[in-house]
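Have a look at the structure below before the remarks.
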Amino acid sequence: MIALMLAAALTSQSCPQLFANGVAPTVPAEEVCYTGFAIGYDAAWGESAWSAEVLTTSSVQAGEATKRNGNFHVCAELPKAERISPRFYAKSGYDLGHMTPAGDRGADKPQTFGTCNMAPQRPNLNRKVWAGIEASLRNLAATGATVYVVTGPEVSPGASMLGGRVAVPLKTWKAVYVAGRGAEAWDCTNTDTPICVQEPVSALAAEIGFDPLPGIAHSIESTAFALPPPTKGTP
């Protein structure tokens, strides 16, 4: 009963400033608001269904001015039964892959190291092209763009589970809305030789089963918009 009450409290949180036009992704999840990002936690997966943030020139500057200074930890905001220890990832062959990256945040960087903001990623994805995609979006925001980003895992039915608790996604994705310009998504296979493609947000929504950017018009979601290439790795 206590866990259910806590879960209800989490879903009642609201941080509309982190979502395009103030609307959170349309999927049942426990919404947790942090200083500069929010997650929609899926307890059955042991990870976020989505993690949302907004990048601006000032947030990028704050991120660059703050060294990486966090330790992986359980998310105390969740009911105890739903918290995931970093040990579930140990010797699994998967990285604790940030959904909202530490590099995007300033003084609140340590908050991004909660395991509820993680998903299992193969090292060749997490450390190479995925990091390059993250950097390319920061570079875009540094030019003066306001960039809304929603990131998450694509988990298939019957997915393998780390320690019986953490679902291993087939892919990880980023839905991106550049305010006043357009929207597009990155979709990357979670493999040793990852393949990353750009596709309309509407195509990603059909694949993952929910709209990651429901606050923007369908006409924007369904129109191709070229995002900058990764700063490293290959798309």
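The values are calculated or read from the model by the stated rules, or taken from the named source; none is laboratory data. Predicted model only: the values in this text are computed from it and were never measured. Every residue, glycine among them, receives a Cβ derived from its backbone with ideal geometry; neighbour counts consider all protein chains shown.
Here are some notes:
- Within region 150-165, the only residue that satisfies the criterion of being in contact with a helix residue (DSSP H, G or I) (Cβ under 6 Å, 6 or more places away or on another chain) and within 20 Å of Phe37 (Cβ to Cβ) is Glu154.
- Tally of residues being crowded, with 21+ Cβ neighbours inside 10 Å and hydrophobic (A, V, I, L, M, F, W, C) across region 181-215: 10
For every residue, the table says whether it meets (1) farther than 27 Å from Val178 by Cα; (2) surrounded by fewer than 21 Cβ atoms within 10 Å (Cβ to Cβ); (3) of a type in the set (A, V, I, L, M, F, W, C); (4) more than 15 Å from the chain's Cα centre (by Cα).
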| residue | (1), (2), (3), (4) |
| --- | --- |
| Phe88 | yes, yes, yes, yes |
| Asp95 | yes, yes, no, no |
| Asp104 | no, no, no, no |
| Pro110 | no, yes, no, yes |
| Gln121 | no, no, no, no |
| Thr143 | no, yes, no, yes |
| Thr146 | no, yes, no, yes |
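- Some residue of region 46-63 being in a loop (DSSP other than H, G, I, E, B), modelled with pLDDT of 95 or more and either touching a Phe, Trp or Tyr at 6+ places or on another chain (Cβ under 8 Å) or small (Gly, Ala, Ser) (or both): yes
- In the condition set (1) touching a Ser or Thr at 6+ places or on another chain (Cβ under 9 Å); (2) over 20 Å from Leu227 (Cα atoms); (3) among the aromatic types (Phe, Trp, Tyr), Trp45 is compliant with all but (1).
- Test result for Arg68, surrounded by fewer than 16 Cβ atoms within 10 Å (Cβ to Cβ), touching a strand residue (DSSP E or B) at 6+ places or on another chain (Cβ under 9 Å) and farther than 23 Å from Pro212 by Cα: no
- Within region 154-173, tally of residues that are part of a strand (DSSP E or B), surrounded by 19 or more Cβ atoms within 10 Å (Cβ to Cβ) and in contact (Cβ under 8 Å) with a residue 40 or more places away in the chain: 5
- Flag for Pro230 being buried (at least 20 other Cβ atoms within 10 Å of the Cβ), in contact (Cβ under 8 Å) with a residue 24 or more places away in the chain and in a loop (DSSP other than H, G, I, E, B): yes
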